[in-house]
1. Set the bar at 20 Å for Cα to Cα. Now go through Lys136/Lys275; Lys569/Lys629; Lys228/Lys621; Lys597/Lys640; Lys257/Lys324; Lys524/Lys629 and name every pair that lies beyond it.
2. Work from the charge dipole of the chain (Cβ charges, +1 for Lys and Arg, -1 for Asp and Glu, about the Cα centre) and give the residue of Ala557, Ser216, Gln102 farthest towards its positive end.
3. With +1 assigned to the C-beta of every Lys and Arg and -1 to the C-beta of every Asp and Glu, and no other charges, what is the dipole magnitude of the chain about the Cα centre in debye, to the nearest 20?
4. Based on the mean of other Cβ atoms within 10 Å per residue, sort peptides 78-84, 267-273, 384-390 so the most packed one is first.
5. Around Lys34, under 10 Å between beta carbons, what's the net of Lys plus Arg minus Asp minus Glu among the other residues?
6. Sort 527-536, 576-585, 366-375, 210-219 by packing, meaning the average of other beta carbons within 10 Å per residue, with the highest value first.
7. Taking the Cα centre of the stretch 60-188 as the origin, how large is its charge dipole in debye, to the nearest 20, when only Lys and Arg (+1) and Asp and Glu (-1) carry charge on their Cβ atoms?
8. Could you give the dipole magnitude of the stretch 21-133 about its Cα centre, charging the beta-carbon of Lys and Arg +1 and that of Asp and Glu -1, in debye to the nearest 20?
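Read-outs: derived from the displayed coordinates by stated rules, not from any lab. Quantities reported herein were computed from a predicted structural model and do not represent experimental measurements. Cβ: placed from backbone, ideal geometry, glycine included. Neighbour counts: every protein chain shown.
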Amino acid sequence: EGDMPDGCRYVKLYLGFKGRGTVWYDNIDFRLSKWNFTTLERLSPMFEKEYQLTSLLVPKPKKVARPTNINFSNKDIYIVLPKLDVNTNIAASKLLKKYFTQASIVKGDINENIENALVFNIGETHKLDITEISDKEQGYIIQKIEAENQIIFLKGGASDIGNYYAATTIVQLIDKKTSTYQHANIVDYPDFTGRSYITNVYKNRWTINKDTSLSSEEKLEKINQLDKDIQQELSGVGHYAFYKINKVYNNYASLGKQWWGPGQFFTDLYEGLGKESERLGVINPCVMINPYFHFDYESEERNLPDSLRNIFSHSNPKDINKIKNLITEAVNNNTNTVMICADDFVPHSGSTRGIYALFTDADKKAYFNMAHAQSDMMNDLRTWLDKTNPEVRLEFCPAPYLNQFIDYGQGSAEAFFRDLVSHAPEDMAIIWTGNTVRSLCYDMADIKRYSDLIGRKPMLWDNTPYARELEGQYGGYPAHYPGKAVMCNLFEPYDIIVPKDFHKIMDPHIYSNQTGFTERHKIKYATFADFAWNCNGYDADFSLYKTLVGIFGKDDALKLLQFNDNYYKLISIWAKIRNGKEDAKEDKPYLIEGLDKEKATVYIENLNRIYLSLEQSISNKRLLDELKKTMDNKIKQYQKIIEEGEKGSGKTGHRQT
């Protein structure tokens, strides 16, 4: 990826050849890519078309056939449940009832005259061929058999989970304006069988009470807000289940530096998640624990104080029980996945990141190296889980979790993985983020390199949902390429470049590392769900279009994109001025261009106008509040940098916001 200035006629390519010869390249073809256009420019043509609802389903099904419209305005509607039922089917029937408000839910056979009725039969098997999904736990079939009049059969594959997923598909095929159900025969199942989101990062009660900068009243206010936020978090679980996301992780940072005793917050969160899991039957909590989180980020082992060094030791059963106690509480609330994170906070030897070191005297006597200690810890957990909860999946995030970190290790990472995987549980999933922390592109060479090191398919931990929009020291277009900021997106769809059949060469579970707490991120996560369900059929831009139109309708979807367009055009100017002033020398201050200020004024006016229009048409107050706060904060930042004048700061180093 690169930029070519206007009028560019020649590009010199360095391919690393050794020697003094000359290589000539003929017939070079420069073309525009999607990244030459803003989101609004790319999606605008979609708003000019009319799509069948079967084309707008999120996630996109594998097979859609024989579409037909059924007007239900004058029909009786029945939702039929099996006589012996489970929560998943009950949740499916309630979801259908929510959208077909006049429907009646009945159990077993229908005794009424159904000649002029629309019937949704959940879990019927004897009249359907389910061969294609019989071995797929989350697969489903939706089928209308002509001989059965207007009876729509919903059937899951190897479990009842598919019945709920079928219901989430059916309700997306309702045209409320015309009281029409746009039926199609559908066969569907996911590519990635584990599709997750993550809860918000909270400061728990212990962390809040330890904050000496807060008064007693401020601490109480934050604790009360914590309780409200957890309830808000729990209210959003159904949204993710609707888009067929089936796992929800806590954020290990929320456990605080006293990670082994997170307190009532942890109990409240997992009890709530467990109840939602039980109610829906299609989504499970997962617990994420970092037993090194009491250390500072990337600490040097030789500088550790004893007060921190001895909090956790791999060879001490009492310390391993600290992990088990958290797992027990989570598993008692329907948790089916345990992720042990050994990323970022594991101490290393000397000043070289990548050479990770044992840090207690007991461990140094008990183990050869960190890989030995961690494999022993993971084996202990696996053996213990097999006795109590053998169905629980075990995941591990190593310190060298990306190819760049492997390079940093100067050979130590290769040795680490050799020692780890030769002793760790064979069914333990191992995390990978790609070549970098936020990898936007994956190829077979990258995947093979890591797969060979870990001796299994890597589980993707994806940090890209926020990669392009970063404004500070960790990169992003506004940080380093202000002109490119216009291509960023508040509602950016999941957008990575992967080989065909990506799901077949990766672990079947995929993790996305962006909080699902905000309304903005709920929109983004729907596109992640679209990708994880059907990789080969995924189109990022169209996925965002489908999601926005499905939630807000065409008019408001377009307004949201127009809001985003003006927002990032303002950021482009703000970042240009900020970077220019930071890079300026004391004797040569940065001069703010008058044209930039004129443009920024227009963008601010547009933002306020579009927001006022959205206020009149969108009922989602949380989203409106998020947009208002985002807009106001950026306008203030822009106005502040203008008010500071045109004096260069002479600062150097990383840009932070």
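1. In this structure, Lys136/Lys275 lie more than 20 Å apart at Cα.
2. Farthest towards the positive end: Ala557.
3. Computed charge dipole of the chain: roughly 580 debye.
4. On the way: 78-84: 16.7, 267-273: 19.9, 384-390: 12.7.
Ranked from most to least packed, the peptides come out as 267-273, 78-84, 384-390.
5. Value of the local net charge: -2.
6. In descending order of packing, they fall as 527-536, 366-375, 576-585, 210-219.
7. Values: 16 positive and 15 negative charges, 103 e Å.
My answer is approximately 500 debye.
8. Charge dipole of the stretch 21-133: 260 debye, to the nearest 20.
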